[in-house]
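S.K.: The structure is given below, and queries will be raised subsequently.
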Amino acid sequence: MLDGRGVARAIQCSYHLWTYRLDGSLAAAPDMQGHELFDPASVCLPRYAVEEWHGIVFVHLDADAAPLADTLADLEPHVADWGLERMVRTHTLEYPSPWNWKVSVENALESYHHAGTHRETLDATFPGKRSRARDASARHWGILDHDSVVPGVDGFVLLAVFPTLLLAFNPPSSCVWLEVRPLAHDRSVLDIHVLVDPESDPDGSGAAFLAESMVAINAEDIDVNTRTWQGLHSRAAVAQYASPLETLCWQFRRWMADRLDGGA
């Protein structure tokens, strides 16, 4: 009933124009006055667990889920001063992705592929071989630090909160949020959001540069993700040894295995 971006003061179904307040309670239902059993007070949208973390709103379909803050307590010391809550979204790039969502996630989780896929766009400044996982023991998240080899250019940090929150930080001034939205087993959408601290980028030039860079970088990723998905359909497809540079992929797969095995 409600999607997109912006501000909404109510939630309305475009089919029969039933309107709900933001707390989920029914505000209006046209032409229902003659229904003797209809009680507006008994009608409410489903309720879910909602929690804000550094300016990002998380929704859990289990209303009784454990608090997110408890789950991510061991992550807090790493991100407390990254300034995410001060940033605003300036650009969004939307890419339909005709492959399983995990292909996009794992592509973001490792920079081992920089040398082959992003030789000119990323590897010349942030060599994949200089990337390193910060804490491989973390069960719900991973951090991948990247050094810059260009004087005057800071490194960046990739934060992943499994399964799909992916944030590439240049703290404390900017961030690229890779939002992976699964649609089916063989298709997903990647939304790339550019976030900046307005005080550090008053004329918007930094945000514009980031957005332009992401167009070029993602064009390269689309090519390899397409071929990866094709390869995964081969009868001869066999998983090979993983590089130590792919530690976050291992963490993600461990997280997936925990869920498939009924873990919390």
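The values are calculated or read from the model by the stated rules, or taken from the named source; none is laboratory data. Computed from a predicted structure; not experimentally measured. Cβ atoms come from the backbone with ideal geometry, glycine included; neighbour counts cover every protein chain shown.
S.K.: If only one of Leu26, Leu37 is in contact with a helix residue (DSSP H, G or I) (Cβ under 6 Å, 6 or more places away or on another chain) and among the aliphatic types (A, V, I, L, M), which one is it?
M.R.: Numbers: Leu37 fails: in contact with a helix residue (DSSP H, G or I) (Cβ under 6 Å, 6 or more places away or on another chain).
That would be Leu26, the only listed residue that is in contact with a helix residue (DSSP H, G or I) (Cβ under 6 Å, 6 or more places away or on another chain) and among the aliphatic types (A, V, I, L, M).
S.K.: Next question, about the same structure. I'd like to verify a number: residues in region 50-104 that are of a type outside the set (Lys, Arg) and more than 22 Å from Gly4 (Cα to Cα), how many?
M.R.: Of the residues in region 50-104, 25 are of a type outside the set (Lys, Arg) and more than 22 Å from Gly4 (Cα to Cα).
One line per residue, one yes/no per condition, for (1) among the aromatic types (Phe, Trp, Tyr); (2) within 20 Å of the chain's Cα centre (by Cα); (3) surrounded by 20 or more Cβ atoms within 10 Å (Cβ to Cβ):
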| site | (1), (2), (3) |
| --- | --- |
| Val105 | no, yes, yes |
| Thr117 | no, no, no |
| Asp123 | no, no, no |
| Phe126 | yes, no, yes |
| Arg130 | no, no, no |
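S.K.: If you don't mind, another one. Before we move on, is Leu17 over 29 Å from Leu165 (Cα atoms), out of contact with any His (no Cβ under 6 Å at 6 or more places or on another chain), loosely packed, with under 11 Cβ neighbours inside 10 Å and not assigned by TED's automatic domain parsing to the domain that holds Phe162? Break it down into steps so the answer makes sense when it comes.
M.R.: Details: over 29 Å from Leu165 (Cα atoms): yes; out of contact with any His (no Cβ under 6 Å at 6 or more places or on another chain): yes; loosely packed, with under 11 Cβ neighbours inside 10 Å: no; not assigned by TED's automatic domain parsing to the domain that holds Phe162: yes.
Answer is no for this residue.
S.K.: Right, something else. Determine whether His91 is under 30 Å from Ala216 (Cβ atoms), in contact with a helix residue (DSSP H, G or I) (Cβ under 6 Å, 6 or more places away or on another chain) and not acidic (Asp, Glu). Before the answer, list the steps.
M.R.: Details: under 30 Å from Ala216 (Cβ atoms): yes; in contact with a helix residue (DSSP H, G or I) (Cβ under 6 Å, 6 or more places away or on another chain): yes; not acidic (Asp, Glu): yes.
Answer is yes for this residue.
S.K.: Could you list, in sequence order, the residues of region 24-38 that are surrounded by 10 or more Cβ atoms within 10 Å (Cβ to Cβ) and either out of contact with any strand residue (DSSP E or B) (no Cβ under 8 Å at 6 or more places or on another chain) or aliphatic (A, V, I, L, M) (or both)?
M.R.: The initial filter retains those residues of region 24-38 that are surrounded by 10 or more Cβ atoms within 10 Å (Cβ to Cβ), namely 24-29, 32, 38.
If the condition is that a residue be surrounded by 10 or more Cβ atoms within 10 Å (Cβ to Cβ) and either out of contact with any strand residue (DSSP E or B) (no Cβ under 8 Å at 6 or more places or on another chain) or aliphatic (A, V, I, L, M) (or both), then Leu26, Ala27, Ala28, Ala29, Met32, Phe38 are the ones that fit.
S.K.: To continue, here is another question. Going through Asp186, Asp258, Asp221, Asp191 one at a time, which residue ends up being modelled with pLDDT under 95 and either acidic (Asp, Glu) or more than 19 Å from Gly83 (Cα to Cα) (or both)? Even if it seems obvious, please write down each step before you answer.
M.R.: Working: Asp186 fails: modelled with pLDDT under 95; Asp221 fails: modelled with pLDDT under 95; Asp191 fails: modelled with pLDDT under 95.
Result: Asp258 is the single residue among Asp186, Asp258, Asp221, Asp191 that is modelled with pLDDT under 95 and either acidic (Asp, Glu) or more than 19 Å from Gly83 (Cα to Cα) (or both).
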